[in-house]
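A quick write-up on the structure given underneath.
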Amino acid sequence: MTLLDEKTESMGENNHHEHAGELFKQERWEDAVSAYRQAIDSDPDVYWSHYHLGQSLSKLKRWEEAVSAYQHGLQISPTEVWAHYHLGQALSELQRWEEAITAYRMAIDIDDGKFWSHYHLGQALSELRRWEEAATAYRQAIQIDPGKFWSHYHLGRALSELKHWEEAATSYRFAIQINSGEFWAHYHLGHALLELRRWEEAVTAYRQAVEINAGLFWPHFELGQALVELERWEEAAEACQQAIQIESDKFWPYFRLGQALIELERWDEAVVSLRQASSIDPTAFWPLYKQGRALSELRRWDEAAIAYQSAIDLKSDWYLTFCNLAQVLEHLGRSQEAITSYRAGISLEPENPDCRERLGRLFLTLGRLPEAAEVYGQLISMIDSAELLVTLADALTEIGEADIAIPAYCRAMEIDSGIPLIYNRLGAVLEQVDRADDALMIYKQAVAIHVGDEETHQRLENLQIEMSG
């Protein structure tokens, strides 16, 4: 071949590539693909022909062919950073995440100053749920260009998956500073703040999310959650109702709405909402338990009993369910069943005085005095309130159980020695059981502590006269 022939052939090869380049600029992707392939057929060792073929195929979303083109180009020139980067892009489109990660890391090894290599590496790692590595990649992207919204946002998402809530909240806030109009940044900021129990800030974030897009379920529902924690019941009810309007088949908004309505004493509405929650999830204990509460307030005793019994069928280890059922059964006149229910509650929480105190009162009402005395006697060591102990001791005195009432008054005195009434009542009971010396000592203690208490002075004086006579 003559020199002229070689030059002519070279021009022909360049013409193929230049023609393909013109087609590429004109965004005639199919024609560009054909032209670049002709150029490669003429000279397969030109890197740029393979690279731009990959670019043209990517524009056509023919990802498998694009991967092959980039790989052939990199065999010719392995240190081309953009070929590794775009190879990673094509592999990501094919969801071949491990290979994409390798490609992005190769691009970073060649030039670690490219924002997009780090950012898309973070994306690929996130797809594999490798959150620590993803967070590192996003942080490196942010160091290169801190002004990009999505790198801060996705760093927040990775940190949220790692439950690093404080750092996640900071990342979402940086993202919002860059672009305050993105719904998801406000929403996920709200969720991070919810996890941090920073209720007021969470409410603000969720409200901003709802202002941007009011048509999604979760920001309304989680706004309701935060408002429940703040005991802002009217607002919580409104947020839950908004969530239900968007998606009416979810358990939690009905349950939270019922909870808020109970606090607002809107009993009928609470029953309706809680029953809807139970219809969605019949295995849930709490809606049935709270139905029992609302129905009891409405004095719909039969329905309340059914609700509490259904709750017990699902979860039989919560003592208050038995205690509340027993109270309902009392209203229905089913005393023996009430006693059984109280005893079941006591067996679950032997150290809790609630069920015992109510059982004791029921025995008193039924005139079953020995059983009442036994229950009240068990209560003395459990009660830490002087006032409750005095009430208990008074009840024991009324049924003639002075021997049990006296320790109750004494324990009340130990808890709070500043109540003159306790001394007077104890002294009176001691007099009744002919323990005048002990009564005299109690009155003297009372006079020393409560100098101005006339009743105690009078009792002491009367007893002294009686004893001297």
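Taking interchain pairs and intrachain pairs at least six residues apart, which have beta carbon atoms under 7 angstrom, with the first residue in the range 78-104 and under 18 Å from LEU128 (Cα atoms) and the second surrounded by fewer than 24 Cβ atoms within 10 Å (Cβ to Cβ) and among the charged types (D, E, K, R)?
LEU91/GLU99; LEU94/GLU64; TRP97/GLU127
Output the residues belonging to the range 124-137 that are part of a helix (DSSP H, G or I), touching a residue at least 24 places away in the same chain (Cβ under 8 Å) and surrounded by fewer than 20 Cβ atoms within 10 Å (Cβ to Cβ).
GLU127, TRP131, GLU132
Need a quick list: helices (runs of 4 or more DSSP H) entirely within the range 359-469 having at least 3 residues that are charged (D, E, K, R) and more than 30 Å from GLY345 (Cβ to Cβ).
436-449, 454-468
Mind checking which residues of the range 275-297 are farther than 13 Å from ILE262 by Cβ, of a type in the set (A, V, I, L, M, F, W, C) and buried (at least 21 other Cβ atoms within 10 Å of the Cβ)?
Matches in the range 275-297: LEU288 only.
Name the single residue that is surrounded by the most Cβ atoms within 10 Å (Cβ to Cβ) among those in the range 447-467 being touching a residue at least 24 places away in the same chain (Cβ under 8 Å) and under 16 Å from ASP437 (Cβ atoms).
ARG459
Considering each of LEU60, LEU4 in turn, give the residue that is of a type in the set (A, V, I, L, M), modelled with pLDDT of 95 or more, exposed (fewer than 15 other Cβ atoms within 10 Å of the Cβ) and farther than 20 Å from GLN123 by Cβ.
Answer to the selection: LEU60.
Take the residues of the range 399-419 that are under 17 Å from VAL375 (Cβ atoms) and among the acidic types (Asp, Glu): which is surrounded by the most Cβ atoms within 10 Å (Cβ to Cβ)?
GLU401
Just the residues that are out of contact with any Phe, Trp or Tyr (no Cβ under 8 Å at 6 or more places or on another chain) and acidic (Asp, Glu), please, taken from the range 241-265.
ASP249, GLU265
Scanning the range 403-433 for residues that are among the polar types (S, T, N, Q) and within 23 Å of MET467 (Cβ to Cβ), which turns out modelled with the highest pLDDT?
Within the range 403-433, the match that is modelled with the highest pLDDT is GLN432.
Applying the selection to the range 316-343, what residues are surrounded by fewer than 19 Cβ atoms within 10 Å (Cβ to Cβ), within 36 Å of the chain's Cα centre (by Cα) and free of Cβ contacts under 8 Å to residues at least 24 places away in the same chain?
If the condition is that a residue be surrounded by fewer than 19 Cβ atoms within 10 Å (Cβ to Cβ), within 36 Å of the chain's Cα centre (by Cα) and free of Cβ contacts under 8 Å to residues at least 24 places away in the same chain, then SER316, ARG343 are the ones that fit.
Pairs needed: first member in the range 208-237, farther than 18 Å from LEU196 by Cα; second member anywhere, of a type in the set (Val, Ile, Thr); C-beta distance under 6 Å; at least 6 residues apart or different chains.
Correct list of pairs: PHE217/ILE246; ALA236/VAL228.
When you check TRP252 against the structure, is it farther than 20 Å from VAL203 by Cβ and not aliphatic (A, V, I, L, M), yes or no?
no
Provide a single number: the residues in the range 73-102 that are among the aliphatic types (A, V, I, L, M), within 37 Å of the chain's Cα centre (by Cα) and surrounded by fewer than 18 Cβ atoms within 10 Å (Cβ to Cβ).
Residues flagged as among the aliphatic types (A, V, I, L, M), within 37 Å of the chain's Cα centre (by Cα) and surrounded by fewer than 18 Cβ atoms within 10 Å (Cβ to Cβ) within the range 73-102 amount to 1.
So, in the range 129-148, exactly how many residues are within 19 Å of GLY113 (Cβ to Cβ) and of a type in the set (D, E, K, R)?
Here the count works out to 3.
The values are calculated or read from the model by the stated rules, or taken from the named source; none is laboratory data. Because the structure is predicted, anything quoted here is derived from the model rather than measured. Please note: Cβ atoms are built from the backbone with ideal geometry, for glycine as well, and neighbour counts cover all protein chains shown.
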